[in-house]
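Asker: Take a look at the following structure, please.
The values are calculated or read from the model by the stated rules, or taken from the named source; none is laboratory data. Worth saying up front: this structure is predicted, and the values here are computed from it rather than measured. For neighbour counting, all protein chains shown are included, and Cβ atoms are generated from backbone atoms with ideal geometry for every residue, glycine included.
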Amino acid sequence: MRLDSLSTLNYRNLAPCTLLFPAGVTGVFGENGAGKTNLLEAAFLALTGLTDVTRLEQLVQQGETEAYVRADLESSGSLSVQEVGLGRGRRQLKVDGVRVRTGDLPRGSAVWIRPEDSELVFGSPSGRRAFLDSLLSRLSARYAEVLSRYERTVSQRNAALRGGEEWAMHVWDESLVRLGTEIMTVRRRALVRLNELAAEANAALGSRKPLTLSLAESTTPEAYAQDLASRRAEELARGSTATGPHRDDLVLTLGDFPASEYASRGEGRTVALALRRAELELLAERFGERPVLLIDDFSAELDPGRRAFLLDLAASVPQAIVTGTERAPGAALTLRAHGGRFTPEVTAEPLPGEPLAEEVRA
Ligand SMILES: Nc1ncnc2c1ncn2[C@@H]1O[C@H](COP(=O)(O)OP(=O)(O)OP(=O)(O)O)[C@@H](O)[C@H]1O
């Protein structure tokens, strides 16, 4: 997978631009607040159609009403244009000029690694569930569909519980058990490979404590219907669905203890990196192509060994964009970020026989 160019208009603090990206690593460096994260966020949105901001308006430049991003990308030898328009709280996606839904974009096109990933480890179960669900939804359109039906069913069932509609529960329970069982089954199956890949990545990061992924399930496919029936009174009193995959956690165990409670900051960042590398490998296995890798702030909180891991990972994919407050070593192209603009740096060391940059300018 390759991002040939990225165009943005009215996107956060970015000046309108079209940037061309070569194969290999593009390093983007600049001071805090220059727009480096915004650039990666725009690239991730244009490549996948995905964003995790709560309000799409946040992505639109202050004072404007609409924003636009466009990716020209190359996948398995063919070229396509993906466009995302943002306005009035809605997102409109097009591929080669034809309107599509998010799930119709290439689902394995990008992985985004950022310092906030530590929240996966230290934050609440909902963040880890979102990581797992978003990954599985990208691996399988069927999972995305079942998950969205399940989530709709939970909120409708909750409304019925709040309305005291006990008589309607058997209908909601039937849908909930059917959809929830499929979600639990897919999660369990996918976790086997995800666990292997995350453990490998954790070892490659030099961690002396083994990493194990497991599911803490609030029920099981076999017991789900019975659990719902036995907690009916409690659910009616609380007005919410007490059990099911929307309550489960992805437990990250480092050594003998849950990382969420016992890991140091650095260990937590390592676990998060291991999860992201596992995500990248799973997407590559599923779609037969390595995603574009977006790495935000490659040096944040990381010791030299872990920085080297990230830079090696960047070198293992056809294309990566790596940001930092300092230059990423070994980049094919370096962009200097300043006030939402990105300027290519002329390489200081000419290839043998090439004139110096100064000579070119003279
Ligand atoms: N909708 C918006 N409109 C205008 N500016 C915005 C909008 N959203 C965010 N910004 C601004 O964009 C600027 C750049 O943010 P960004 O996170 O990309 O910086 P960065 O280069 O990654 O910095 P750091 O090195 O601190 O991570 C911030 O000053 C922020 O206030």
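Asker: Please work out which one of (1) more than 13 Å from the ligand (Cβ to nearest atom); (2) aliphatic (A, V, I, L, M); (3) modelled with pLDDT under 95 is the condition V53 fails and give its number.
Answerer: Going through the list (1) more than 13 Å from the ligand (Cβ to nearest atom); (2) aliphatic (A, V, I, L, M); (3) modelled with pLDDT under 95, V53 breaks only (1).
Asker: Within region 140-154, does at least one residue satisfy the condition of being touching a Gly at 6+ places or on another chain (Cβ under 9 Å) and part of a loop (DSSP other than H, G, I, E, B)?
Answerer: No, region 140-154 contains no residue that is touching a Gly at 6+ places or on another chain (Cβ under 9 Å) and part of a loop (DSSP other than H, G, I, E, B).
Asker: Further question on the same structure: How do the helices (runs of 4 or more DSSP H) wholly within region 214-284 filter down when requiring 3 or more residues that are surrounded by 17 or more Cβ atoms within 10 Å (Cβ to Cβ): which remain? Give the steps one after another, and end with the answer.
Answerer: Details: elements: 224-230, 232-238, 259-262.
Here the list reads 224-230.
Asker: Out of region 312-337, which residues are over 14 Å from D296 (Cα atoms) and away from the ligand (no atom under 16 Å from the Cβ)?
Answerer: D312, A315, S316, V317, P318, Q319, P329, G330, A331, A332, L333
Asker: Out of everything in region 56-65 that is part of a helix (DSSP H, G or I) and near the ligand (Cβ under 10 Å from one of its atoms), what residue ends up being surrounded by the most Cβ atoms within 10 Å (Cβ to Cβ)?
Answerer: Among those residues, the one meeting the criterion is L59.
Asker: In addition: Cβ-Cβ under 6 Å, sequence separation 6+ or interchain: first residue in region 82-109 and in the same structural domain as A43 (by TED's automatic domain parsing), partner among the acidic types (D, E) and modelled with pLDDT of 90 or more. Which pairs?
Answerer: Close Cβ pairs (under 6 Å, with a partner that is among the acidic types (D, E) and modelled with pLDDT of 90 or more) amount to G87/E66; K94/E83.
Asker: I've got another one for you. Only one of these conditions is not met by A199: (1) over 30 Å from T54 (Cβ atoms); (2) surrounded by fewer than 17 Cβ atoms within 10 Å (Cβ to Cβ). Which number is it?
Answerer: For A199, the failing item is (2).
Asker: Regarding region 196-219, can at least one residue be identified that is over 30 Å from A308 (Cβ atoms) and hydrophobic (A, V, I, L, M, F, W, C)?
Answerer: Yes.
Asker: Is it true that some residue in region 286-301 is under 24 Å from G127 (Cα atoms), at pLDDT 95 or above, within 16 Å of the ligand (Cβ to nearest atom) and among the β-branched types (V, I, T)?
Answerer: Checked against the condition, which is being under 24 Å from G127 (Cα atoms), at pLDDT 95 or above, within 16 Å of the ligand (Cβ to nearest atom) and among the β-branched types (V, I, T), region 286-301 yields at least one hit.
Asker: Return the residues of region 1-29 that are surrounded by fewer than 23 Cβ atoms within 10 Å (Cβ to Cβ), within 12 Å of the ligand (Cβ to nearest atom) and in a strand (DSSP E or B); say none if nothing qualifies.
Answerer: F29
Asker: Only one residue in V251, V192, V177 is among the aliphatic types (A, V, I, L, M) and farther than 30 Å from L302 by Cβ, so which one is that?
Answerer: V177
Asker: Ok, one more. How many of the residues making up region 335-347 are in contact (Cβ under 8 Å) with a residue 40 or more places away in the chain and surrounded by fewer than 19 Cβ atoms within 10 Å (Cβ to Cβ)?
Answerer: 4
Asker: Which numbered condition trips up N32, out of (1) within 13 Å of the ligand (Cβ to nearest atom); (2) over 19 Å from R138 (Cα atoms); (3) modelled with pLDDT of 95 or more?
Answerer: Only one criterion is unmet by N32, namely (3).
Asker: Quick check, is V154 within 29 Å of L213 (Cα to Cα) and either surrounded by fewer than 12 Cβ atoms within 10 Å (Cβ to Cβ) or touching a residue at least 60 places away in the same chain (Cβ under 8 Å) (or both)?
Answerer: So V154 fits the description; yes.
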